[in-house]
1. Test each condition in (1) open to solvent by less than 40 Å² (accessible area, probe 1.4 Å); (2) free of Cβ contacts under 8 Å to residues at least 12 places away in the same chain for Gly89 and report the one that comes out false.
2. Does Ala94 fit the bill of being open to solvent by less than 70 Å² (accessible area, probe 1.4 Å) and assigned to a strand (DSSP E or B)?
3. Could you tell me whether Asn64 is open to solvent by 60 Å² or more (accessible area, probe 1.4 Å) and within 17 Å of Ala18 (Cβ to Cβ)?
4. Restricting to the stretch 57-89, name every residue that is among the hydrophobic types (A, V, I, L, M, F, W, C) and modelled with pLDDT under 90.
5. Are there strands (runs of 3 or more DSSP E) fully within the stretch 9-57 with at least 1 residues that are open to solvent by 30 Å² or more (accessible area, probe 1.4 Å), touching a residue at least 40 places away in the same chain (Cβ under 8 Å) and of a type in the set (Lys, Arg)? List them.
6. What are the residues in the stretch 62-86 that are within 18 Å of Phe7 (Cβ to Cβ), in a loop (DSSP other than H, G, I, E, B) and among the polar types (S, T, N, Q), if any?
Amino acid sequence: MSVNAPFTPTGNTVTITAANPSPTPVQVPGNNGWSNQYRVVNAGTNVAFLGYGATSAAATAGANAPGSGLANCVPLLAGTDEILTFNGGFYFTANASVSTTLYITPGDGS
């Protein structure tokens with residue numbers, strides 16, 4: 001649930017190296033169960049396509065088919081630092097034309 005407070009981490013930060021094709025998705029739970037807000041940082045210099053979903057397969061499909069009309073893909077511009085809300089316990093992976101590092105931290109707040 002979105003909270004009208006500064007973002008507070010509730011779990012460990014996970015690092016994903018976006019590549020083409022995308023790497024094996026990882027599940028990002030919070031320490032308090034299934035946090036549903038995530039701070040996502042694209043530390044690279046290239047656009048990355050974040051695939052997400054309730055299953056590993058859904059995250060992979062979204063990341064590897066950007067622009068195809070799939071609902072589970074979010075483009076992240078280079079240097080982006082976003083707070084995004086998803087269902088708790090989602091899987092994440094990312095696709096990029098050049099190796100790009102993403103950091104995903106579960107938490108609460110905005």
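The values are calculated or read from the model by the stated rules, or taken from the named source; none is laboratory data. Because the structure is predicted, anything quoted here is derived from the model rather than measured. Cβ: placed from backbone, ideal geometry, glycine included. Neighbour counts: every protein chain shown. Quick note on the areas: whole protein, heavy atoms, side chains included, nothing else; ligands and nucleic acids left out. Shrake-Rupley method; radii C 1.70, N 1.55, O 1.52, S 1.80 Å.
1. (2)
2. Details: open to solvent by less than 70 Å² (accessible area, probe 1.4 Å): yes; assigned to a strand (DSSP E or B): yes.
Criteria met by Ala94.
3. Working: open to solvent by 60 Å² or more (accessible area, probe 1.4 Å): yes; within 17 Å of Ala18 (Cβ to Cβ): yes.
Considered against the rule, which asks whether it is open to solvent by 60 Å² or more (accessible area, probe 1.4 Å) and within 17 Å of Ala18 (Cβ to Cβ), Asn64 comes out as yes.
4. As a first pass, look at the stretch 57-89 and keep what is among the hydrophobic types (A, V, I, L, M, F, W, C): 57-59, 61, 63, 65, 70-71, 73-74, 76-78, 83-84, 86.
Residues satisfying the conditions are Ala65, Leu70, Ala71, Phe86.
5. 37-42
6. Thr80, the sole residue that qualifies.
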